[in-house]
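To start, the structure under review is shown below, and the notes come after it.
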Amino acid sequence: MGTDNQTWVSEFILLGLSSDWDTQVSLFVLFLVMYVVTVLGNCLIVLLIRLDSRLHTPMYFFLTNLSLVDVSYATSVVPQLLAHFLAEHKAIPFQSCAAQLFFSLALGGIEFVLLAVMAYDRYVAVCDPLRYSAIMHAALCARLAVTSWATGSINSLVHTTITFQLPTCTNKFIDHISCEILAVIRLACVDTSSNEVTIMVSSIVLLMTPFCLVLLSYIQIISTILKIQSREGRRKAFQTCASHLTVVALCYGVAIFTYIQPHSSPSVLQEKLISLFYAILTPMLNPMIYSLRNKEVKGAWKKLFWKFSGLTSKQAI
């Protein structure tokens, strides 16, 4: 970069959601509560799976990964957002902006691949239950998890490197709640069509490919469920997939709407709200969905509660 640009590269200014102080304080309280619920909910899910041996299965191994991704994604965005609600100068250093973009993009990509992996797990459980343990063995589960983390991280590294090499010609005001890739690219004072093509290609690879795999898995799952003779059998088979299917609808729906067509993307305000939904609401809802709609998780919660109550009673005596 030339010397004319050296004055702005040290920091960016995030315009956020509102410039009204009262609104910012209200939003601070709201998002702080949501963030705390997100962290507690996902950490409790991980702890519950760790403590209950009945949940030491491939499905809950992947759910542990999903919870770690969710809490990490929220942490990459929300603390900085909360700090800016109470700050007059809403600046973010260049390095912090690059790090935020890398981690949020990587964790988002990891989640998409994980959801496809979890769909495959449900496909095997419903369509080939007798060979489930043989197919979904520990080594395969570990490889699938590592592949998910590696794929998202490599994709994010490429995008982050390309994005922060764009000249911005002293533009430093990011009209967004965080260093989101489309918002950062809009700062560029050069043609960004190649960047948008790269986003499109990676979206197809990292969003649409896993999404198609999820669809194929659920077509086979639904076909198998419909062949089950008893109503109770169909209900139980569907229950094994209901939580995952709900999470898939939330995560893929929002991401596809946001990233697949950058040129026809919604207004800046809508874009901010979509990012908030994905960064705060979805990670908060995921542990609730799995807790409320899954009998095994609810049973584990009850077991842990009674165990804790028993220990408390003994200590009181």
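Below is a table of values for the structure above.
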item	result
Options 48, 68: the member that is over 20 Å from residue 155 (Cβ atoms) and either assigned to a helix (DSSP H, G or I) or among the small types (Gly, Ala, Ser) (or both)	48
Any chance residue 156 is more than 27 Å from residue 227 (Cα to Cα) and modelled with pLDDT under 95	yes
Index of the failed condition, residue 87 passing every other in (1) more than 30 Å from residue 16 (Cα to Cα); (2) aliphatic (A, V, I, L, M); (3) not in a helix (DSSP H, G or I)	(1)
Residue count for region 83-112, restricted to those that are of a type in the set (A, V, I, L, M), farther than 16 Å from residue 278 by Cα and either touching a residue at least 40 places away in the same chain (Cβ under 8 Å) or open to solvent by 50 Å² or more (accessible area, probe 1.4 Å) (or both)	5
Single condition residue 171 does not satisfy, out of (1) open to solvent by 20 Å² or more (accessible area, probe 1.4 Å); (2) under 30 Å from residue 185 (Cβ atoms); (3) modelled with pLDDT of 90 or more; (4) not hydroxyl-bearing (Ser, Thr, Tyr)	(3)
Test: residue 156 is under 15 Å from the mean Cα position of the chain (by Cα) and either among the small types (Gly, Ala, Ser) or farther than 24 Å from residue 273 by Cα (or both)	yes
Residue among 183, 145 that alone is in contact with an Asp or Glu (Cβ under 7 Å, 6 or more places away or on another chain), closer than 20 Å to residue 103 by Cα and open to solvent by less than 60 Å² (accessible area, probe 1.4 Å)	183
Scope region 43-56; condition free of Cβ contacts under 8 Å to residues at least 40 places away in the same chain and open to solvent by 50 Å² or more (accessible area, probe 1.4 Å); matching residues	43, 47, 50, 53, 56
Test: residue in region 30-42 that is open to solvent by less than 20 Å² (accessible area, probe 1.4 Å), under 22 Å from residue 244 (Cα atoms) and of a type in the set (A, V, I, L, M, F, W, C)	no
Helices (runs of 4 or more DSSP H) completely within region 169-236 that count 1 or more residues being over 27 Å from residue 250 (Cα atoms) and not basic (Lys, Arg)	193-203
Hey, residue 151 farther than 30 Å from residue 19 by Cβ, surrounded by 13 or more Cβ atoms within 10 Å (Cβ to Cβ) and in contact with a helix residue (DSSP H, G or I) (Cβ under 6 Å, 6 or more places away or on another chain) or not	yes
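The values are calculated or read from the model by the stated rules, or taken from the named source; none is laboratory data. Computed from a predicted structure; not experimentally measured. Please note: Cβ atoms are built from the backbone with ideal geometry, for glycine as well, and neighbour counts cover all protein chains shown. Ligands, DNA and RNA are excluded from the accessible area calculation, which covers all protein heavy atoms including side chains. Shrake-Rupley method; radii C 1.70, N 1.55, O 1.52, S 1.80 Å.
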